[in-house]
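The values are calculated or read from the model by the stated rules, or taken from the named source; none is laboratory data. The model shown is predicted, which means the values in this text are computed figures rather than measured ones. No Cβ is skipped: glycine too gets one built from the backbone with ideal geometry, and neighbour counts run over all protein chains shown. Ligands, DNA and RNA are stripped out before the accessible areas are found, and what is left, the full protein with its side chains, is counted by its heavy atoms. Shrake-Rupley method; radii C 1.70, N 1.55, O 1.52, S 1.80 Å.
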Amino acid sequence: MLRVHFTGLDLARLRLAGDPDVLWETVLSLHRLRDKQGESIFGDWRSETRARLNGETRLLAPLVPSRGYFPDFLTPPEGLDGLESGIAALRATPADRVHDELSRLPTVRTLPAWIRSLADGDARAFGKLISALHTYHQAAIAPYWDHIQAQIEADRAVRGRALLDGGADALLSSLPPTMRWRAPVLEVDYPVDRDMYLGGRGLLLLPSFFCRRTPVTLQNTELTPVLVYPARAMSETAPAVPAAPRSLGKLVGHTRSAVLGSIGGGCTTSELARRVGVSAASASQHAGVLREAGLVLTLRNGSAVMHTLTPLGAALLRGGHRGPQSRGRVQSSMPERSTPATM
């Protein structure tokens, strides 16, 4: 079990990531690619991804074992700013830190020579690592990025609602069952027994699409505290979505257009009904049609359901112009499984 110890200052500095972290998703997806569970959910993704790869998994596997520790330098905080920012931060990791973290791998004695060369700051070795990460990301992550973003937004919508309704206590209490808030300690299911003292630095909660079963954190206690957890049905309110263009009403019908435009940063079925001025049953029916079309994501949170826009739904409201961070295509189904990539 992992015990995360909070002070009053830590609660005040508790944060919820606003976007998926591209490097955490990339690294954690390697676990999903290699395990054999959740075939009904991950099966198509695995098949499609493997068909695009050309040895990148074999290159990266020694750095990211199927279970247990992998180096912290693979997931710098700049990964929240996009792939290029994350890669640049990874490349700038000091050689002594790379050496220290590689030495903690259980397979350190059998690491390929090019990986051992990373610790010496070998430019060719880093080039090989970065090339493998880029190619793997393009095969396994980029085509599904819209779907990943939609899942994270849905998670944030529920977490954000909890934060607004009850503050940090409610937010921490809303986390998945693998995490239990017993103030002032957050108990987390974890493969090893460990205590994490935040010491006033706060904690970044990072919902992740490819993190399954147990949360993950960094091993180095000197780094900014982060807790990566499996995204489910929760989130922080998103920016207001522009009103639906009139032409959208002609395409999907004025009531359904109003439903799509009223979902905004996330709402329950009853809230949606009030905003549009229809019955709860009608709001639920319209949301269901939009969900089947890939425009809305609906997730259950206790006895209520939370509706959020997918990137495709938001783009449709904007008249077809996607935001600068939207990449890839929306998938109707994607992974849901467990693999403790623990630190």
Stretched out fully, how many nm does the piece from residue 289 to residue 92 gain, at 0.36 nm a residue minus the Cα gap? 66.1 nm
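Considering only DSSP states other than H, G, I, E and B, which GluC sites (Glu not before Pro) in the stretch 138-230 qualify as loop sites with at most 16 other Cβ atoms within 10 Å? Please report the intermediate quantities before stating the final value.
Working: sites: 153, 187, 222; in loops: 222.
Answer in residue order: 222.
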Please list log₁₀ I(q)/I(0) at q = 0.14, 0.17, 0.18, 0.28 Å⁻¹ for the stretch 118-183, using the Debye equation with identical point scatterers on the alpha-carbon positions. -0.68, -0.73, -0.75, -1.11
Once Lys and Arg get +1 and Asp and Glu get -1 on their Cβ, which of 43, 86, 75 lies farthest toward the positive end of the dipole of the stretch 32-87? 43
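Any idea what the relative contact order of the stretch 157-227 is, in percent, if you count C-alpha pairs under 8 Å spaced at least 6 apart?
Details: 60 pairs, mean separation 15.9, N = 71.
Reported relative contact order: 22 percent.
Please work out the FRET efficiency for the pair residue 114 and residue 81, using the Cβ-Cβ distance as r and a Förster radius of 30 Å; give the result to the nearest 0.05. It would help to have the intermediate numbers written out before the result.
Values: r = 27 Å, r/R0 = 0.91.
In this case the efficiency is close to 0.65.
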In whole angstrom, and with the biggest value first, how far do the Cα coordinates of the stretch 30-101 range along each principal axis? 41, 25, 21
Quick one: order 35, 195 from most to least accessible surface, probe 1.4 Å. 195, 35
Per-selection Kirkwood Rh - the stretch 1-151 (Cα, Å, 1 d.p.): 16.8
With a sphere of radius 13 Å drawn around the Cβ of residue 262, what net charge do the other residues whose Cβ falls strictly inside it have (Lys, Arg +1; Asp, Glu -1)? +2
Lys and Arg at +1, Asp and Glu at -1: add these up for the other residues within a Cβ distance under 15 Å of residue 96 and post the number. -3
Calculated Rg and Dmax of the stretch 73-174 using C-alpha coordinates, Å: 18.3, 53
